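Reading through the structure tokens given below for one structure.
The values are calculated or read from the model by the stated rules, or taken from the named source; none is laboratory data. In this text the structure is predicted, and so the values were computed from the model without any measurement. So basically every Cβ, Gly included, is an ideal-geometry build from the backbone, and we count neighbours across all protein chains shown.
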Amino acid sequence: MGKITKRSVDILTPKLSEYFFWDDQIPGFGVRVSPMGKKSYIIQYRSGGRTRRMNLGSHGILTPNQARDLARHELGTVAFGGDPSGELQKERRAPTVMVLCERFLDEHVALRCKPSTYGDYRQVCEKYIKPKFGSHRIQDVTRVDVTELHHSLRNKPYQANRVLSVISKMFNLAEVWGLRTDGTNPTRHVAKYPEKKRERFLAAEEVEKLWQVLDASVEDGTETAHVSAAFKVLLLTGCRLSEIQKMKWSYIRGDVLWLPDAKTGPRRVLLSQSTLNVLKALQRFNDNPFVIIGKNKGQYVTDLQKPWRRIRCNANLNDVRIHDLRHTYASFAAMAGHSLPMIGKLLGHTQAQTTARYAHLADTVTRNAANAANEVDGLISEFTTPTPKKAPVLRLVDD
């Protein structure tokens, strides 16, 4: 024991086992000397009935005076009930964002979301979140970190915003699970990029051309009858791709298609006679419950993108996505005079704003009706417009 100074520390020599040299002015402040000769400044104190030691830094990195100041500060927190060593260990054991990703996927997404959503979220975690700050401790992720990742995807605004949404959900749950202080979500105030919604609807002549190509592709053997039928049913019902792709014969009851697990929950789709005719023409197999059968026994077609690219190329519709068939169905419904709430019901929308993109099409029908009403108004006005009075004739009277 003695006063810790540069000279007193320099002359300490290693022994067979580590030992301590304690300062005689600050109780609990000392130097640890390892058998290899490494010298470290430490503090020792009691907390919760246990003796704790905390490393302050190596001799040479810290001067004795710097180490003495640190020791006073840390031992001062102990005097007020603190436990600096325990807090340090707790921080070192704190889970990382990589751990949060797995817990988020396993305990939240897998239980509350559809398998397709789980796949999308896992892809975001593996491709974007983990590489960027997967090794960061959860409490260390800042708004700057999130902003940098979001900005790096600025050329893909839709993807950038999806990544931001996943991060937001994850860190909201981190607060719920006690892994981060409430109200510190790092996505807060990070503005999403504007997204331009695509509005591609097939005109009547394009629908006719597509139908011809679908028939021709079956005749020449390019596509199977079931693949061709899938696109026809998508066009005739406005259903989502996965709803038709995974459709089973047991879901069809008369002229109603019962979808037990649609995107927005169970729903029923009324089938037109044209749709029923397409379905009746398909061959059914006892060992396959699906309508759109695939190559593997008992399975549905897992990839309709490749055949669609061939079909749209032959139909000269290279800018049309499969999802645009759903938009086309909605556009024809709007032009037929159906209201937006009815279109939303036909499409299985739960939010009115989702159907709002078809408002301008519905307005066209309304405007046509208004123009027709003007003609009626013209007929009625003949009977309701008052006859203008004749101006009085002035007679000049000679004085």
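Before moving on, here are some points about what is shown:
- Scanning region 99-139 for residues that are aliphatic (A, V, I, L, M) and surrounded by 13 or more Cβ atoms within 10 Å (Cβ to Cβ) yields Val99, Leu100, Leu105, Val109, Ala110, Val124, Ile129, Ile138.
- Test: residue in region 103-110 that is closer than 30 Å to Asn161 by Cβ, among the small types (Gly, Ala, Ser) and in a helix (DSSP H, G or I): yes
- Residue in region 214-223 that is in contact with a strand residue (DSSP E or B) (Cβ under 7 Å, 6 or more places away or on another chain), crowded, with 16+ Cβ neighbours inside 10 Å and within 28 Å of Asn316 (Cα to Cα) present: no
- Selection count where residues are among the charged types (D, E, K, R) and either part of a loop (DSSP other than H, G, I, E, B) or within 12 Å of the chain's Cα centre (by Cα) (or both), scope region 111-121: 2
- Taking the criterion of being surrounded by 19 or more Cβ atoms within 10 Å (Cβ to Cβ) and among the hydroxyl-bearing types (Ser, Thr, Tyr), the only residue of region 294-322 that qualifies is Tyr300.
- Ile311 falls short of the stated requirement of being modelled with pLDDT of 90 or more, β-branched (Val, Ile, Thr) and within 24 Å of Pro115 (Cβ to Cβ).
- For region 178-191, residues that are surrounded by 14 or more Cβ atoms within 10 Å (Cβ to Cβ) and closer than 23 Å to Arg154 by Cβ total 4.
- Subset of region 283-301 (residues that are within 24 Å of Arg321 (Cα to Cα), in contact (Cβ under 8 Å) with a residue 12 or more places away in the chain and part of a loop (DSSP other than H, G, I, E, B)): Val291, Ile292, Val301
- For region 140-165, taking the residues that are in contact (Cβ under 8 Å) with a residue 24 or more places away in the chain and aliphatic (A, V, I, L, M), the one that is farthest from Leu179 (Cα to Cα) is identified as Leu153.
- Taking first residues from region 1-19 that are modelled with pLDDT of 90 or more and partners that are in a loop (DSSP other than H, G, I, E, B) and surrounded by 13 or more Cβ atoms within 10 Å (Cβ to Cβ), the Cβ contacts under 8 Å between residues at least 6 apart in sequence or on separate chains come to Lys6/Thr63; Pro14/Ser34; Glu18/Ser34.
- The residues of region 153-176 that are within 11 Å of Tyr128 (Cα to Cα) and touching a Pro at 6+ places or on another chain (Cβ under 9 Å) amount to a single one, Ile167.
- Residue match in region 236-255 (condition: assigned to a loop (DSSP other than H, G, I, E, B) and touching a helix residue (DSSP H, G or I) at 6+ places or on another chain (Cβ under 6 Å)): yes
- So Val163, is it surrounded by 18 or more Cβ atoms within 10 Å (Cβ to Cβ) and either more than 18 Å from the chain's Cα centre (by Cα) or at pLDDT 90 or above (or both): yes
- When Thr142, Thr147 are screened for being surrounded by fewer than 17 Cβ atoms within 10 Å (Cβ to Cβ), at pLDDT 90 or above and closer than 30 Å to Asn55 by Cβ, only Thr142 passes.
- Test result for Glu199, loosely packed, with under 14 Cβ neighbours inside 10 Å and touching a residue at least 40 places away in the same chain (Cβ under 8 Å): yes
- Flag for Ser17 being touching a helix residue (DSSP H, G or I) at 6+ places or on another chain (Cβ under 9 Å), farther than 15 Å from Gly2 by Cβ and among the polar types (S, T, N, Q): no
- Subset of region 28-58 [of a type outside the set (Gly, Ala, Ser) and either in contact with a Gly (Cβ under 6 Å, 6 or more places away or on another chain) or in contact (Cβ under 8 Å) with a residue 24 or more places away in the chain (or both)]: Phe29, Val31, Lys39, Tyr41, Ile42, Ile43, Gln44, Tyr45, Arg52, Arg53, Met54
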